[in-house]
Amino acid sequence: MDTPLPSGSDSDSEESLVTDRELQDAFSQGLLKPGLNVVLEGPKKAVNNVNGLKQCLAEFRRDLEWVERLDVTLGPVPEVSGPHTTPQNKDRKAVDPEDDFQREMSFYRQAQAAVLAVLPRLHQLKVPTKRPTDYFAEMAKSDQQMQKIRQKLQAKQAAMEKSEKAKQLRALRKYGKKVQTEVLQKRQREKTHMMNAIKKYQKGFSDKLDFLEGDQKRVAQSSKGGAKGQQMKKGPNAKRRYKNQKFGFGGKKKGTKWNTRESYDDVSSFRAKTAHGKGLKRPGKKGSNKRPGKRTREKMKSRAR
């Protein structure tokens, strides 16, 4: 007989059973990684173990003296304002827990009150509350760590000094450029003043050579103070006068044919015959004094022989 084949639902159930078993085996062996499966835990049961709590409290509690414990319990300290101490907040509800500043001030006042309450008690027990002058405490950081901090601070200080020096150098460069520009401008002004003095000397407006000696102040003072008294008449300069005195005056070279008022009025050299062609024959016209031609001169020679 042929055995019936299992249906699709039966095969799926068998595969699911196999996979579930494999997963259970892997979970029991710890082969599954977290995140692949979510373990659903049941609700926790609240346990009120009174005996265990009392045992823990007995372990924590120690019958020690107050000097060993130094515990102080104080209530809320009211805020004090003005010269007279008048409490403003007497209960905890007066302090708003949502206000950070008010809450921190409440902690500060409570700690301060605790210190003021404990100090007299410590003095009664003859417990010193101030550090002696020869007290040496162990450093919280090692020497190596402090050496690293020192090196870091030194590097930071060196960088700041370098930056400051760079700023000073930039400022000095700017100042140097400014001074250099002023010096160049001053030289240009002196050069312009000297060129103007040379031009005045060449044109005869001044006969002093003080500018050649570099005495610019005296020239400036003389030009400002005695400008009116030093205005000279127009004429040849000192160099021209010296040459005229040494070599003599050669006469006027330009404008010799220009008419003047005197030459225009002078008619003594006027000749009417010469002016109207009645005098001597003008060149270009035939006259008795014209040279005979070549053939005429030959005939004259033959006749003379």
Problem set entry | Selection within the range 140-194 - within 30 Å of Lys208 (Cβ to Cβ) and either exposed (fewer than 10 other Cβ atoms within 10 Å of the Cβ) or aliphatic (A, V, I, L, M) (or both) | Val183, Leu184, Met194
Exercise. Quick one: what pairs do we get from the range 48-70, first residue under 29 Å from Ala117 (Cβ atoms), second open to solvent by less than 100 Å² (accessible area, probe 1.4 Å), C-beta under 9 Å, 6+ apart or different chains?
Worked result: Trp66/Leu125; Val67/Leu122; Val67/Leu125; Val67/Val127; Leu70/Val118; Leu70/Leu122
Seminar exercise, completed: Checked pairs for the range 105-134, first among the aliphatic types (A, V, I, L, M), second open to solvent by 80 Å² or more (accessible area, probe 1.4 Å), C-beta under 9 Å and 6 or more apart or across chains, list as Ala114/Thr73; Val118/Leu70; Leu122/Leu70; Leu122/Pro128; Val127/Arg121
Exercise. Residue check: is Lys126 assigned to a helix (DSSP H, G or I) and open to solvent by 90 Å² or more (accessible area, probe 1.4 Å)?
Worked result: no
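The values are calculated or read from the model by the stated rules, or taken from the named source; none is laboratory data. Bear in mind the structure is a predicted one, so any value in this text is a computation, not a measurement. In this analysis, Cβ positions are derived from the backbone assuming ideal geometry, glycine residues included, and neighbour counts consider all displayed protein chains. These accessible areas exclude ligands, DNA and RNA; they are computed on the full protein's heavy atoms, side chains included. Shrake-Rupley method; radii C 1.70, N 1.55, O 1.52, S 1.80 Å.
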